[in-house]
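Inspection log for the structure reproduced underneath, given as C-alpha cells.
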Amino acid sequence: MTRPFWIRLVANPRAAFGLVWLGLVVLAALAAPLIAQADPFAITGSPFARPFGESGLGTDSLGRSVWSGLVFGARTTLLIAVIATLSAVAFGGLVGALAGFYGGRIDDLLMRLTEFFQTIPSFIFAILLVAMLSPSATSVVVAIATVSWPPIARVVRGEVLTLRSREFVQAAITLGERDAAILLRQILPNALSPLIVTGSLLVATAILTESALSFLGLGAPNLMSWGFMVGAGRSFLRDAWWLVAIPGVAILLTVLSINLVGEALNDALNPRLRTP
Amino acid sequence: MNAAPTATVSAGPILDISELSVALPSWADRPQAVKQVSLQIGAGETLCVVGESGSGKSVMARAILRLLPEPQVRIVDGRVLLEGEDLAHADDKRMRAVRGGKIAMIFQEPMVALNPLMTIGRQIDEILEAHTDWGKAERRRRVVATFEDVRLPDPARIFGAYPHELSGGQRQRVMIAMSLVLEPRLIIADEPTTALDVTTEAQILSLLKELQQRHGTALLFITHNFGVVAEIADRVAVMRRGEVVEHGDAEEVLTRPRHPYTRALIEAVPSLVPRKGIAGTDKSAAEPILEIRRLDKIYGRRAQGASWLTRWMPGLGRGRRQAVHAVNQIDLDVKRGSAVAVVGESGSGKSTLARCLIGLEQADAGSVKIAGNEIVGLSRSAWRPLRSRVQMVFQDPFASLNPRTSVGDIIARGAILQGEAPDAAMSQARELLTLVGLEPKAAERYPHEFSGGQRQRIGIARALAVKPDILIADEPVSALDVSVQKQVLDLLDSLRRRFGLTMLFITHDLRVAAHVCEEIVVLKSGRIVEHGKTAEIFADPRHEYTRALLSSVPGRDWQLRLVGSSAGPGTD
C-alpha cells in the first residue's frame with residue numbers, strides 16, 4: 001500500500017537534489033588527497049590567480065590552491081559538524097529520555113538545566129567556550145555540542161512522555177521489563193523519526209557554527225575549513241571575489257541540501273502527513 | 001429557482017438520496033466509499049444507518065452536507081435532493097446556507113465539536129447571527145428557549161459557561177440545542193451517543209426522539225450499535241463496504257433480518273440474558289486468590305507531577321486541582337477460577353482499580369493480596385517475581401502492541417523475562433498464536449499487518465505467555481467492531497475455562513459483563529454499590545444505581561423480546 005521509505009524520499013525532487021550535492025561533498029571529503037594533490041596550506045603558484053583558469057579554482061593571497069582548500073575544508077567542516085551533532089544527540093537524547101521517562105523531580109531538574117543552556121545565546125556561548133578551552137578541533141566540537149543539545153533533549157522528552165503512557169509500554173511494565181530495556185526496546189525505536197529529523201537539521205546548524213567560529217579565527221588551527229577560507233579572503237573581497245564566494249557558496253549549498261533532506265525526511269517519516 | 005414548488009411540498013420525503021456514489025482516492029482499499037446508495041427520509045421520521053467501521057456510513061452522511069475532504073474523496077454520481085433541491089450540485093454559497101439552516105449535524109465527540117475558548121451561548125448565538133437578521137436580545141431569547149427545550153438545567157448559567165464546565169451529557173445537549181436552534185428540516189447525528197455513558201445515552205436518545213416528534217424533524221442517525229437502533233429507529237438501512245445490503249422497517253429488520261450480514265451482526269450483539277454458572281464448577285468453596293481490603297487511591301491531592309516549584313509558589317497551576325477519590329475503601333474477594341465483571345461508567349474508578357491491581361498505579365492505602373502476597377507498596381523490582389501471577393489485556397489493540405517489534409517477540413518477551421530460554425519461549429509463542437486462532441507464522445509479522453480483532457488476540461497471547469493465575473481485561477472489546485467483539489469474548493471465555501484462569505473483567509457494557517462473567521461488581525464514584533451473582537443482580541437489582549444502569553441499556557426490550565419469541569439470535 002505505502003511505497004518503501006527510500007523511494008518516497010528520493011521521489012521528492014528537492015530531496016534528490018540535496019542528496020546528490022551531499023553525496024558529492026562527502027565523496028570529495030573522503031577522496032581529498034586523491035583529487036587535490038596539493039596540501040591546502042602549500043603555496044602552489046602565484047597569488048591571486050583567477051579561477052577557472054589554469055590553476056583550477058584560483059589561488060589566494062599567498063598562492064595556495066582554493067580547490068585544495070575547498071576539498072580539505074569539506075573534510076574538516078563535515079567531520080566537526082557530524083561528530084558535534086552525534087555527541088549532542090547522544091547527550092540530549094539521554095537527558096530527554098531520562099526526564100520524560102521518570103518525570104517528577106528528575107524531569108524538573110533536567111529540564112531547568114536544559115532551559116538554562118537555552119537562555120544563553122548559542123553562538124556567543126560557543127565563542128566563549130572555544131576561547132576558554134583554547135582553539136582546537138576538540139574544543140570546537142565540544143562548543144558546538146554544548147550549544148546544540150537542548151533542542152534534542154526537548155524533542156526526545158516530548159516523544160518519551162507520549163510514548164510512556166502508551167499501552168504497549170504499560171504492557172512491558174506489567175511483563176516485568178526493566179526500565180533500561182523499556183527505554184531501549186520499546187520507547188526509543190518509536191521515537192527515532194523525530195530524532196533523525198532534528199539531528200539532520202542540527203548538522204546544518206553545526207556547519208554554520210563551525211564556519212562562523214573559523215571565520216573569527218577560533219576554528220581548529222592547522223586545519224583548513226570553509227569558514228577559515230571566507231575569513232581569510234574577506235580583506236580581498238574587492239580584488240579577489242572568488243576567495244569568499246567559492247567557500248561561501250559551498251557552505252550555502254551544503255546547508256541548504258541538509259535542510260532539504262531533513263525536511264524530506266520529516267515528510268517521509270511523519271505519519272500525519274503521509275499520503276502514500 | 002426552486003422556491004415555488006418546494007414551498008408546499010409536505011407529503012414527499014424531506015431527503016431523497018438516489019444512486020449516490022462517493023469516490024475514494026486511488027490508494028484506498030476500495031474505489032468507492034459509498035456505492036449507489038438510495039435512501040429517503042420523511043418528516044418526523046428516524047432512519048438509522050447501521051454499519052461497522054469502514055462501511056461508509058459516515059462518509060455518506062458527510063456527503064449529504066458536502067463535508068468531504070475534496071478532491072480526494074468526492075461525489076461522483078447520484079443526487080441528494082433536500083425538499084426537491086439537488087445538494088450534490090449546489091454551489092458553495094448555497095451549501096453554507098443549507099448547513100446549519102436546513103440540515104444540522106450532531107457529532108460524536110461534543111468536546112471536540114465545541115470551541116473551548118468561547119462561551120456556549122456565544123457559539124450558538126453565532127449561528128443565529130449568520131443565518132438570521134434578528135437583534136441581540138431576540139437571539140438570546142431564542143437560545144435560552146432552545147436550552148429549555150433540550151432540558152439543560154439553569155439555561156442562563158449555561159449561556160455564559162465554557163464547554164469544559166459542563167458534563168459530557170450536557171455538552172451533547174448543547175450540541176443538540178445548536179442543531180435545533182434554526183429549526184432545521186433534517187438532523188444528521190453521527191454516533192451522537194457513542195462517547196457517552198449508558199445512563200446519559202438513554203437520556204439523550206429519549207430527548208432526541210421527543211424533540212423530533214415535537215418539531216417534526218427528519219432524523220438521520222448513524223450508529224454501529226443495534227441496541228440504539230432498537231431504541232430509536234423507524235426505519236433501518238444496513239451498510240457494508242459502501243453498499244446498503246438491507247433496508248426496511250425497523251421492527252422488520254430487527255426481528256426478521258433477511259440479509260445474512262444483518263443476521264450475523266444482530267447475532268453478534270451479546271445477549272442480555274446472564275450466563276448461568278458452569279455446572280460442577282461452583283466456586284463458593286474455592287479459596288480467594290485475590291483479596292482486596294480497604295483499598296484507596298486518591299488523585300490530585302498531592303499530584304505526582306507537583307514539583308517543588310508549586311510548593312514554593314502555590315499559584316502555579318496544578319496546585320489548585322481538586323482531589324478525586326478514584327478508589328474508595330474497596331473490599332473484594334475473588335475466588336480462584338471465577339470470572340468477575342467490574343462494571344461502571346466513566347469516572348467510576350474501575351480502570352484505576354485494575355491499574356492498582358497490576359502495579360501500574362500505587363494505591364494510597366489498604367491491602368491487596370495476590371495468592372497471599374501483599375502487593376501494595378511494592379517497588380517495581382519487588383513486583384517482578386509476581387508478574388507471572390497476574391497479567392492484563394489492554395483496551396486499545398492499536399496502541400497496546402509495539403509497532404516496531406515482531407509479533408513473536410512481543411509474545412515471547414514475557415516468558416524470556418521469567419527466565420525461559422529464547423528458543424523455547426519463541427516456540428511457545430507459536431503455540432499460543434494457534435491457541436488464540438492465528439497462524440503460527442504470524443510470529444514473523446508486525447502488528448500493523450493485523451486487524452483490530454487479530455491484534456487483540458495477540459494481546460491475549462502475550463498475557464498468557466507467562467502462565468498467569470489472574471487475567472485482568474480492561475475493556476478488551478470496546479474498541480472492536482460488534483462482529484469481532486463476540487469472537488474475542490468467546491475466545492477469552494474458552495481460554496479461561498481451559499487454563500482455569502481467574503478473570504477480572506473491567507467493562508462499561510452490561511451485555512459484555514453478562515456474556516462472560518458469573519459475578520458482577522457495580523462501581524460508582526470509586527465505591528462498590530452492588531456485588532453478587534450476575535443472574536441475581538439482573539433479576540433483582542438492589543441498588544438504585546444498578547437499576548438505572550440496567551434500564552438504560554439500549555435495545556433491552558427488543559433483545560428480551562427476541563429471546564422470548566425464541567426466533568432470536570441463536571446462543572449456543
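Only helical DSSP H runs with n ≥ 4 go in: add -39500 (n - 2.57) per run for chain B, normalise by residue count and round the 222 nm mean residue ellipticity to 500 deg cm²/dmol.
After summing the helix terms and dividing by residue count, I get -10500 deg cm²/dmol.
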Checklist outcome for this item: Taking a straight Cα-to-Cα line shorter than 13 Å from B:LYS335, and setting aside same-chain aspartates and glutamates fewer than 8 residues away, one finds B:ASP282, B:GLU287, B:GLU291, B:ASP469, B:GLU518, B:GLU519
Item to check | Cβ charges +1 (Lys, Arg) and -1 (Asp, Glu), total dipole of segment A:82-179, debye | outcome: 60 debye
Next on the checklist: Taking every pair of distinct Cα atoms and averaging 1/r, then inverting, what Kirkwood hydrodynamic radius in Å comes out for segment B:54-179?
Outcome noted: 16.1 Å
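If we count every other residue with Cβ under 12 angstrom of B:THR132's Cβ, Lys/Arg +1 and Asp/Glu -1, where does the sum land?
Numbers: positive: B:LYS136, B:ARG139, B:ARG142; negative: B:ASP125, B:GLU126, B:GLU129, B:ASP133, B:GLU138, B:GLU183.
That works out to -3.
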Checklist entry - Between B:GLY452, B:VAL327, B:GLY372, whose Cα lies farthest towards the positive end of the dipole of chain B when Lys and Arg beta carbons carry +1 and Asp and Glu beta carbons carry -1, centred on the Cα centre? => result B:GLY372
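Using a Förster distance of 60 angstrom, determine the FRET efficiency expected from the C-beta separation of A:LEU253 and B:SER525, and round it to 0.05. Working shown, then result.
Values: r = 65 Å, r/R0 = 1.08.
It comes out at approximately 0.40.
Which percent of the accessible heavy-atom area of segment B:208-249 goes to carbon and sulfur, probe 1.4 angstrom? Mind dumping the intermediate values first?
Numbers: 550 of 1460 Å².
Exposed carbon and sulfur together represent 37 percent of the surface.
Shielding by partners for B:58-66, please: the mean number of other protein chain Cβ atoms within 10 Å of each residue's Cβ. Before the final figure, lay out each step's value.
Details: counts 0, 0, 0, 0, 0, 0, 0, 0, 0.
Mean shielding count: 0.
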Item to check | Coil-residue trypsin sites (Lys or Arg not before Pro) of segment B:395-461, DSSP, other Cβ within 10 Å capped at 16 | outcome: B:ARG404, B:ARG445
Checklist entry - Counting DSSP beta bridges in chain B, what percent are antiparallel, to the nearest 5? => result 55 percent
Checklist entry - Who wins for biggest fluctuation among A:MET229, A:MET111, A:MET132 in a Gaussian network model of chain A, springs between alpha carbons below 10 Å? => result A:MET132
Item to check | Per-q log10 I(q)/I(0), segment A:23-83, q = 0.15 Å⁻¹ (Debye; single scatterer per alpha-carbon; no solvent) | outcome: -0.43
Item to check | Shielding by partners - mean other protein chain Cβ count within 10 Å, residues of B:394-400 | outcome: 4
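Ignoring ligands, DNA and RNA and using a 1.4 Å probe, state the total buried accessible area between B and A in Å², rounded to the nearest 100. All intermediate terms of the calculation are to be shown ahead of the outcome.
Values: alone 26410 and 14550 Å², together 38410 Å².
It comes to approximately 2600 Å² buried between B and A.
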Item to check | Note, ³J(HN,Hα) from phi for segment B:540-546, Karplus 6.51, -1.76, 1.60, rounded to Hz, x at Gly and Pro | outcome: 9, x, 7, 7, 4, 5, 4
Checklist outcome for this item: Within the under-15-Å Cβ sphere about B:LYS441, not counting B:LYS441, Lys/Arg +1 and Asp/Glu -1 give a net charge of -2
Item to check | Over chain A: helical MRE at 222 nm, DSSP H runs n ≥ 4 each giving -39500 (n - 2.57), nearest 500 | outcome: -23500 deg cm²/dmol
Item to check | B:GLU536-B:HIS131 pseudo-label distance in nm [points 7 Å out on the Cα-to-Cβ vector] | outcome: 5.4 nm
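For segment B:450-564, what is the accessible area per residue in Å² when the probe is 1.4 Å?
Values: 4080 Å² over 115 residues.
About 35 Å² of surface per residue is accessible.
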Checklist entry - Which order do B:SER552, B:SER427 take when ranked by solvent-accessible area (1.4 Å probe, heavy atoms of all protein chains), largest first? => result B:SER427, B:SER552
Checklist entry - Any idea what the dipole of chain B comes to, in debye rounded to 20, about its Cα centre with Lys/Arg Cβ at +1 and Asp/Glu Cβ at -1? => result 1560 debye
Checklist outcome for this item: Pairs over 25 Å Cα to Cα, from B:LYS369/B:LYS467; B:LYS57/B:LYS441; B:LYS350/B:LYS486, come to B:LYS57/B:LYS441
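Carbon and sulfur: what percent of segment A:18-93's accessible surface (1.4 Å probe)?
For segment A:18-93, the apolar C and S fraction of the accessible surface comes to 74 percent.
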Checklist entry - Which loop-located chymotrypsin sites (Phe, Trp or Tyr not before Pro) does segment A:22-70 contain, where loop means any DSSP state but H, G, I, E or B and the Cβ has at most 16 other Cβ atoms within 10 Å? => result A:PHE41, A:PHE48, A:PHE52
Checklist entry - Gaussian network model of chain A, Cα springs within a sub-10 Å range: biggest mean-square fluctuation belongs to which of A:LEU175, A:LEU208, A:LEU188? => result A:LEU175
Next on the checklist: Report the Cα centroid-to-centroid distance between segment B:110-189 and segment B:470-515 in angstrom, as an integer.
Outcome noted: 40 Å
Checklist entry - Taking all protein chains as present, what is the carbon and sulfur share of the accessible area of segment B:402-504, in % to the nearest whole number, probe 1.4 Å? => result 48 percent
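Using the eigenvalues of the Cα gyration tensor, what equivalent ellipsoid semi-axes result for the protein assembly as shown when each is taken as the square root of five times the eigenvalue, whole Å, largest first? Please report the intermediate quantities before stating the final value.
Values: eigenvalues 676, 291, 145 Å².
Over the Cα atoms of the protein assembly as shown, the semi-axes work out to 58, 38, 27 Å.
How much accessible area per residue does segment B:52-201 have, counting only protein heavy atoms and a probe of 1.4 Å, in square angstrom? Intermediate results must be reported in sequence, preceding the final value.
Details: 6660 Å² over 150 residues.
On a per-residue basis, 44 Å².
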Item to check | Antiparallel DSSP beta bridges within the protein assembly as shown, as percent of all bridges there, nearest 5 | outcome: 55 percent
Checklist entry - Can you give me the Cα centroid spacing of segment A:120-162 and segment B:362-436 in angstrom? => result 41 Å
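Given a 1.4 Å probe, how much area per residue of chain A is accessible, in Å²?
On the way: 13240 Å² over 276 residues.
In whole numbers, chain A has 48 Å² accessible per residue.
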Checklist entry - Using the Cβ atoms and a cut-off under 14 Å, what net charge is assigned to the surroundings of B:VAL269, where Lys and Arg are +1 and Asp and Glu are -1? => result -2
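The values are calculated or read from the model by the stated rules, or taken from the named source; none is laboratory data. Please read all numbers here as calculations on a predicted model, not as lab measurements. Because the Cβ atoms are built from the backbone with ideal geometry, glycine has one as well, and the counts that use them run over all protein chains shown. For accessibility, only protein heavy atoms count, side chains too; no ligands or nucleic acids. Shrake-Rupley method; radii C 1.70, N 1.55, O 1.52, S 1.80 Å.
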